[in-house]
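Working notes for the structure below.
The values are calculated or read from the model by the stated rules, or taken from the named source; none is laboratory data. Please read all numbers here as calculations on a predicted model, not as lab measurements. Here Cβ is always computed from backbone atoms with ideal geometry, including for glycine, and neighbour counts include all displayed protein chains.
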Amino acid sequence: MILVTGGTGLIGAHLLLELSLKEDGIRAIYRNKTKIDAVKTFFNKEGAIRRFEKIEWVEADITDIPALQNAFIGIEKVYHCAGLISFDPKDYHLLRKTNIEGTSNMVNLCIAHNVHKLCYLSSIATLGNKIDNKTVDEDVYWNPEAENNVYAITKYGAEMQAWRGTQEGLPTVILNPGVVFGEGFQEAPSSGFFKKVQKGLSFYPPGGTGFVDVKNVVEALVSGMDTPICNERFILVGENATYQDVLLKIALALNKKPPHKKIKPWQLALFWRLDWFLSFFPGRKRKLTRNAAHALLSQTLYSNDKAKKKLNLQFTPLETTIQRIAKKLTF
């Protein structure tokens, strides 16, 4: 029996779609029942509505140990894809509870129930930067002295829980994807790129990062689980690209005018300060922190050599991914 957390999100739903092709015993946890309907709609659009019925849904939260105990009955393999994404410092304690405490619970229950293997979905946010600005690989480690955002801090803490599990005898594979592009879930953070271009976007930030197709992430999850590889991590970045290049590709795919004005550093400095001031108003969350502004100005390059060699992955070109998504979008 397989257990999937985060099954109502972009990556988790695509993973369930893939698992339903060949697996019968699939269990997924959920917190909000309405989100199951979104997954069902996704399966339906993919022509796989009958496969959706293979999934056993159990109401549970990764921070709720009694509910998780029931979800773990009979489980042999676990894909832990659940997590909270936020860069707002006000969400720090909630991020810690979900990402660190939640992952700790998952690891403890995997050990207690003699789970054969855990596949944990982390992030490139947990990786450090090379001093010489060369390509980051799996041997580059977290720098606690750096200007790390609250999301990165809690994802790193979560990853440490996964590594702790390996020391206690739990076979584990950790995956570190970049920005994940995929279809079917317009609430996914990466969908913001498409929404902004669709509405009309004039400015682009000068930096860049690593991007990856959701289908490649799913391939890596399944391969990481099915191969004998244990206690290793893999960077999942199909392509290193500037934000300008990504936004241009999206604009062309959506038949929209691409952004043509580069945001200057002083403008970003002004924007994040204004955003900080507005966050004091009730109900207003941070949209641009100082760390986020810095990230938009710089570009980090990531190596996918290890994933290609050991997981036998062939990454989808970014342009191909964007064109596929654009054809399925409904704004």
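Surrounded by fewer than 16 Cβ atoms within 10 Å (Cβ to Cβ), touching a Phe, Trp or Tyr at 6+ places or on another chain (Cβ under 7 Å) and free of Cβ contacts under 8 Å to residues at least 40 places away in the same chain - does that describe any residue in region 65-87? No, every residue in region 65-87 fails to be surrounded by fewer than 16 Cβ atoms within 10 Å (Cβ to Cβ), touching a Phe, Trp or Tyr at 6+ places or on another chain (Cβ under 7 Å) and free of Cβ contacts under 8 Å to residues at least 40 places away in the same chain. Of all the criteria given as (1) of a type in the set (A, V, I, L, M); (2) exposed (fewer than 15 other Cβ atoms within 10 Å of the Cβ); (3) modelled with pLDDT of 95 or more, the one not satisfied by residue 131 is (3).
With the condition kept exactly as written, say whether any residue in region 82-97 is at pLDDT 95 or above, basic (Lys, Arg) and either under 23 Å from residue 179 (Cα atoms) or out of contact with any Leu (no Cβ under 8 Å at 6 or more places or on another chain) (or both). Checking region 82-97: at least one residue is at pLDDT 95 or above, basic (Lys, Arg) and either under 23 Å from residue 179 (Cα atoms) or out of contact with any Leu (no Cβ under 8 Å at 6 or more places or on another chain) (or both). Select from region 106-126 the residues that are of a type in the set (Val, Ile, Thr) and in contact with a helix residue (DSSP H, G or I) (Cβ under 7 Å, 6 or more places away or on another chain) and write down the one among them that is farthest from residue 239 (Cα to Cα). Ranking the qualifying residues of region 106-126, first place goes to 111. Given the condition of a type in the set (Phe, Trp, Tyr), assigned to a strand (DSSP E or B) and farther than 28 Å from residue 11 by Cα, answer yes or no: does some residue in region 264-284 qualify? No, every residue in region 264-284 fails to be of a type in the set (Phe, Trp, Tyr), assigned to a strand (DSSP E or B) and farther than 28 Å from residue 11 by Cα.
Every residue, every condition in (1) within 15 Å of residue 260 (Cα to Cα); (2) over 17 Å from the mean Cα position of the chain (by Cα), yes or no:
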| residue | (1), (2) |
| --- | --- |
| 218 | no, no |
| 227 | no, yes |
| 231 | no, yes |
| 246 | yes, yes |
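With a requirement of 2 or more residues that are under 22 Å from residue 95 (Cβ atoms) and hydrophobic (A, V, I, L, M, F, W, C), the helices (runs of 4 or more DSSP H) lying completely within region 139-244 that satisfy it span 150-167. If only residues of region 304-319 that are in contact with a Lys or Arg (Cβ under 8 Å, 6 or more places away or on another chain) and polar (S, T, N, Q) are counted, the one that is surrounded by the most Cβ atoms within 10 Å (Cβ to Cβ) is 316. The set of residues from region 42-56 being surrounded by 15 or more Cβ atoms within 10 Å (Cβ to Cβ), of a type outside the set (D, E, K, R) and farther than 17 Å from residue 25 by Cα comprises 42, 43.
Residue 215 falls short on exactly one of the conditions (1) charged (D, E, K, R); (2) surrounded by 15 or more Cβ atoms within 10 Å (Cβ to Cβ); (3) in contact with a strand residue (DSSP E or B) (Cβ under 8 Å, 6 or more places away or on another chain), and that condition is (3). When 105, 44 are screened for being at pLDDT 95 or above, over 29 Å from residue 283 (Cα atoms) and not in a strand (DSSP E or B), only 105 passes.
If we scan region 77-95, do we find a residue that is more than 20 Å from the chain's Cα centre (by Cα), assigned to a loop (DSSP other than H, G, I, E, B) and of a type in the set (D, E, K, R)? Scanning region 77-95 turns up no residue that is more than 20 Å from the chain's Cα centre (by Cα), assigned to a loop (DSSP other than H, G, I, E, B) and of a type in the set (D, E, K, R). Residues in region 25-37: is at least one out of contact with any Asp or Glu (no Cβ under 7 Å at 6 or more places or on another chain), assigned to a loop (DSSP other than H, G, I, E, B) and over 23 Å from residue 97 (Cα atoms)? There is at least one residue in region 25-37 that is out of contact with any Asp or Glu (no Cβ under 7 Å at 6 or more places or on another chain), assigned to a loop (DSSP other than H, G, I, E, B) and over 23 Å from residue 97 (Cα atoms). Residue under question is residue 111, and the condition is that it be at pLDDT below 95 and over 21 Å from the mean Cα position of the chain (by Cα); does it hold? Here the answer is no, as residue 111 does not meet what is asked. Within the set 268, 297, 274, the sole residue that is of a type in the set (A, V, I, L, M, F, W, C) and either buried (at least 17 other Cβ atoms within 10 Å of the Cβ) or closer than 17 Å to residue 211 by Cβ (or both) turns out to be 268. The set of residues in region 105-138 being in contact with an Asp or Glu (Cβ under 6 Å, 6 or more places away or on another chain) and within 25 Å of residue 90 (Cβ to Cβ) consists of 122, 126. Can you give me the number of residues within region 219-236 that are buried (at least 23 other Cβ atoms within 10 Å of the Cβ) and among the β-branched types (Val, Ile, Thr)? Summing the residues that are buried (at least 23 other Cβ atoms within 10 Å of the Cβ) and among the β-branched types (Val, Ile, Thr) in region 219-236 gives 1.
Residue count for region 251-308 under the criterion of being of a type in the set (A, V, I, L, M), without any contact (Cβ under 8 Å) to a residue 12 or more places away in the chain and within 25 Å of residue 178 (Cα to Cα): the result is 1. For the subset of region 301-331 comprising residues that are at pLDDT below 90 and part of a loop (DSSP other than H, G, I, E, B), which member is nearest to residue 219 (Cα to Cα)? Per the criteria, the residue is 329.
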